[in-house]
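What follows is a set of notes on a single structure, which appears directly below.
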Amino acid sequence: MASNTFKFSGTGVAIVTPFRSDDSIDFTALRNLVDFQIKNKIDYLVVLGTTGESVTLSADEKRAVVDTVLEAANGRVPIVVGIGGNNTQDIINKIKHFDFTGIDAILSVSPYYNKPTQNGLYEHYKAIASTSPVPIILYNIPGRTGSNMCAETTLRLANDFKNIVAIKEASGMLNQIMEIIKGKPSHFEVISGDDLLALPIIALGGKGVISVVANAYPLQMSELIRLALAGKIEEARKIHYSLLTIINLLFAEGNPAGIKATLEIKKLTTAHVRLPLVKVSQATYAKIEEQFKLLK
């Protein structure tokens, strides 16, 4: 485990939701995947995120996935659950009626499609912070949401609400990320939302990553992050470059299609994704398989 008083330091895994070919959830595969990641030294799990295809899950399925992960983890690592969206009141209602037993924080993505102003983003998260009984990790991913939460808004939220403890930054804007790290209050940290930028963000003062690749390569990614946090940048860089090709392949045809192909090759679950997502092409699958042979 990462040695840091910040509970979400190190490697968090944005865990996939395994499906069978008939679209049903494979709960046995989910339990096995949780155990596989914990045994390979990840630091915490993030459930019902983008990688978990949460937008395609019913309310009952979401609860069942959370309960399965909690049972499989059995208190061994912290659990973060994704509760976000573009209807603020709906999110508040979900939080009020959600059983947070065993949940350590929520990850809440910025509103998508609506394209709110910076003040709209502030008010959105203010409402969530005023309702949530557990700490909140903000999630800025403009490539998916259609709007960027600027450093000034992030810092305003961090300073105004003590239960907003971190941001998963997936903007790819290093200048913005540096402004957040430079100006943040002591209780607030920056987590990379991009596997490829985890090392440089840690070098700049970030505290870890919420990772996609760690679903299939938890030991390698966790070691990379531990070394980086310990200031052993040269050693971390070697692992970073060994994972470079596979990480690029994972996103070549979208996430989580790429990581699920990898997990199928590793015989941890199927490559099945729910529509509107589809499996990666045979050409990309073959390239992922080639990398698997090199990395295993």
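The sole residue among 27, 19 that is out of contact with any Asp or Glu (no Cβ under 7 Å at 6 or more places or on another chain), of a type in the set (A, V, I, L, M, F, W, C) and either touching a residue at least 40 places away in the same chain (Cβ under 8 Å) or closer than 26 Å to residue 206 by Cα (or both) is 27. Return the residue satisfying two criteria in turn: it lies in segment 1-22 and is hydroxyl-bearing (Ser, Thr, Tyr) and exposed (fewer than 14 other Cβ atoms within 10 Å of the Cβ), and of such residues it is modelled with the highest pLDDT. Out of the qualifying residues, it is 21. Please find, among 28, 11, 50, the residue that is over 11 Å from residue 73 (Cβ atoms) and assigned to a loop (DSSP other than H, G, I, E, B). The conditions single out 50. Of the residues screened, residue 235 is not one that is modelled with pLDDT of 95 or more and under 25 Å from residue 35 (Cα atoms). The criterion of being in contact (Cβ under 8 Å) with a residue 40 or more places away in the chain and either over 19 Å from the mean Cα position of the chain (by Cα) or closer than 28 Å to residue 187 by Cα (or both) holds for residue 42.
Could we say that residue 86 is polar (S, T, N, Q), surrounded by fewer than 19 Cβ atoms within 10 Å (Cβ to Cβ) and touching a helix residue (DSSP H, G or I) at 6+ places or on another chain (Cβ under 7 Å) here?
On the way: polar (S, T, N, Q): yes; surrounded by fewer than 19 Cβ atoms within 10 Å (Cβ to Cβ): yes; touching a helix residue (DSSP H, G or I) at 6+ places or on another chain (Cβ under 7 Å): no.
Judged against the criteria, residue 86 is not a match.
Residues checked against (1) in a helix (DSSP H, G or I); (2) within 25 Å of residue 203 (Cβ to Cβ):
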| position | (1), (2) |
| --- | --- |
| 234 | yes, yes |
| 254 | no, no |
| 260 | yes, no |
| 264 | yes, no |
| 268 | no, no |
| 272 | no, no |
| 276 | no, no |
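Within the option set 292, 251, being among the aromatic types (Phe, Trp, Tyr) and out of contact with any Ser or Thr (no Cβ under 8 Å at 6 or more places or on another chain) holds for one residue only, 251. Looking across segment 265-284, the residues that are within 24 Å of residue 144 (Cβ to Cβ) and out of contact with any Leu (no Cβ under 9 Å at 6 or more places or on another chain) come down to 272, 273, 275, 276, 277, 278, 279, 281.
Scan segment 101-140 for residues that are of a type in the set (A, V, I, L, M) and either on the phi > 0 side of the Ramachandran plot or part of a strand (DSSP E or B) (or both) and jot them down.
Scanning segment 101-140 gives 105, 106, 107, 109, 136, 137, 138.
Restricting segment 140-158 to residues that are of a type outside the set (A, V, I, L, M, F, W, C) and touching a helix residue (DSSP H, G or I) at 6+ places or on another chain (Cβ under 9 Å), the residue that is nearest to residue 107 (Cα to Cα) is 140.
The values are calculated or read from the model by the stated rules, or taken from the named source; none is laboratory data. Fair warning: this is a prediction, and the values are worked out from it, not measured in the lab. Every residue, glycine as well, gets a Cβ built from its backbone with ideal geometry; the counts of neighbours run over all protein chains shown.
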